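Worksheet: the structure to be examined is printed underneath.
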Amino acid sequence: MSQTSPAPVDGQARAVSPLQLSVVVPTFNERDNVEVLFRKLEAALQGIAWEVVYVDDNSPDGTWQVLRDLALREPRVRCIRRVGRRGLAGACIEGILAASAPVAAVMDADLQHDETRLPAMLQLIENGSAELVVGSRYVEGGSADSFNRQRAGFSTAATEMARRVLKVEIADPMSGFFMIRRDRFEQLAPDLSTQGFKILLDIVASAHGSLRTVEVPFRFGSRLHGESKLDSMVALDFFGLVLAKFTNDILSLRFILFALVGSTGVIVHFTTLYLVLKTFGEPFALAQGAAALVAMTSNFILNNFLTYRDQRLKGFAILRGLLLFYLVCGVGLLANVGVAFAVFNAHVTWWLAGAAGALMGVVWNYAMSGLFVWRKR
């Protein structure tokens with residue numbers, strides 16, 4: 001569920017002219033940055049009718065409360081507080097769909113994006129030159145010098161993969177700083193994933209070249225307060241998004257992540273089987289049972305951390321979810337064997353029968369996990 005801050009009651013009124021721009025800012029633990037960003041937007045957007053929509057994922061540091069207080073003083077500020085779900089892409093989608101202006105910009109709350117570029121970006125859309133304007137670090141005049149070596153390497157590799165696999169032609173599809181006509185976004189919204197960090201890549205790939213796009217340079221700044229939200233799992237999340245878009249969304253991002261986690265379970269299973277069988281000298285039946293249990297537990301932990309991180313189980317719900325996951329995977333194993341046996345009996349080669357059984361098992365586990373283990377409440 002989400003909560004929206006109340007309208008100002010201090011007698012202040014919005015500008016008489018219709019809104020031109022809604023700036024959407026997803027936040028999580030950014031209490032020290034949000035008002036600073038608002039003041040920077042005030043200075044940069046003089047002469048423009050604008051609002052800022054902060055979308056906060058129920059930050060433990062109370063960012064949403066800071067924004068509520070700011071909204072009571074500043075009529076341009078709105079705060080959407082999301083409870084029970086997380087994710088930058090989902091926050092951006094909700095924020096843009098809740099925007100009041102015909103044009104929406106997306107930028108981070110960490111002060112690394114250059115708000116002074118917003119007027120020029122808006123002019124390109126209002127004069128009809130573009131439907132999407134991307135703040136780019138990789139066109140002439142742009143810079144990402146503040147990146148460390150690891151982040152720079154990932155950004156370069158991800159950009160190249162997006163351009164080669166998805167035929168994305170813009171120079172910086174990984175940018176989190178962009179502006180789009182809201183009506184065009186609303187047309188694309190049903191095809192977008194609420195998971196992950198790379199909402200711009202999803203938009204461009206889903207549009208299949210139909211958006212008139214212009215890139216403008218900006219210099220990516222250094223974070224002043226708080227911590228970066230990027231972690232080692234973002235790479236897997238990115239690869240899942242690329243695969244989903246490569247299949248024209250026949251396979252969802254969540255299903256691909258679930259299957260990728262399952263593939264790690266195979267490695268865990270055989271590693272455990274070898275250790276119990278060869279190192280500890282236990283009977284095969286015991287070793288196989290232990291390996292299956294360890295692999296299912298590993299899959300549950302990774303799925304809870306990555307695949308379903310926007311619905312992550314916590315506290316006592318983790319134990320309940322783990323037991324349900326064991327049950328789901330147990331039935332999935334029976335489905336796997338049953339389908340494989342039926343296909344093999346139809347005189348189909350052994351490896352194709354095995355693949356059919358494995359696919360059935362993955363589909364069953366994914367469907368039932370979504371219904372019973374990580375069901376939306």
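Structural remarks
- Cα centroid separation - region 175-200 against region 305-346, whole Å: 32 Å
- Each label was represented as a point 7 Å from its Cα along the Cα-to-Cβ direction; for A355 and I267 these points are 2.2 nm apart.
- Three-way shape label, region 253-373, alpha-carbon gyration tensor, a/c 1.5: oblate
- Charge dipole (the chain, unit charges on Cβ, about Cα centre) - positive-most of N33, L277, L72: L277
- Burial ranking of peptide ranges 313-319, 43-49 (average Cβ count within 10 Å, highest at the top): 43-49, 313-319
- Simple label model, 7 Å out from Cα along Cβ direction - H208 to F280, nm: 5.3 nm
- The angle between the Cα long axis of helix 34-44 and the longest principal axis of the Cα atoms of the chain comes to about 40 degrees, rounded to the nearest 10.
- For the chain, the longest principal axis of the alpha carbon atoms and the long axis of helix 284-302 meet at an angle near 10°.
- Fraction of beta bridges assigned by DSSP in the chain that are antiparallel (%, nearest 5): 30 percent
- Taking the Cα centre of region 253-373 as origin and assigning +1 to Lys and Arg Cβ atoms and -1 to Asp and Glu Cβ atoms, the resulting dipole is close to 300 debye.
- The packing ranking, built from the mean of other Cβ atoms within 10 Å per residue, places the peptides 296-308, 68-80, 102-114, 346-358 in the order 102-114, 296-308, 68-80, 346-358, highest first.
- Here the gap between S129 and E186, fully extended at 0.36 nm per residue and compared with their Cα-Cα distance, gives a gain of 18.6 nm.
- Reachable lysines, given that their alpha-carbon falls under 25 Å from the alpha-carbon of K376 and they are not under 8 places away in the same chain: K198, K229, K245, K314
- Relative contact order (%) - criterion: Cα under 8 Å, at least six apart; region: the chain: 14 percent
- Each of T279, T213, T156 was scored by other Cβ atoms within 10 Å of its Cβ. Listed from fewest to most, they are T279, T156, T213.
- Ranking of W64, W364 by count of other Cβ atoms within 10 Å, fewest first: W364, W64
- For region 253-373: relative contact order, % (alpha-carbon pairs under 8 angstrom, 6 or more apart): 23 percent
- Ranked F270, F220, criterion: other C-beta atoms within 10 Å, fewest first: F270, F220
- Estimated inter-spin distance, E140 and R163, nm [label 7 Å along Cα→Cβ]: 1.6 nm
- Mean projection area, nm², convex hull over Cα of region 155-201: 3.7 nm²
- Helix 149-165 and the longest principal axis of the Cα set of the chain meet at an angle near 80°.
- The Rg/Rh ratio of the chain, with both radii computed over alpha carbons and Rh defined as the Kirkwood radius, is 1.04.
- Cα convex hull, region 65-144: 136 Å³ per residue, rounded to a whole number.
- Positive-pole candidate from W350, F316, Y366, dipole of region 253-373, charges at beta carbon: F316
No lab work stands behind these numbers, since they all come straight from the coordinates. Keep in mind it's a predicted model, so treat the numbers as computed, not measured. Every residue, glycine among them, receives a Cβ derived from its backbone with ideal geometry; neighbour counts consider all protein chains shown.
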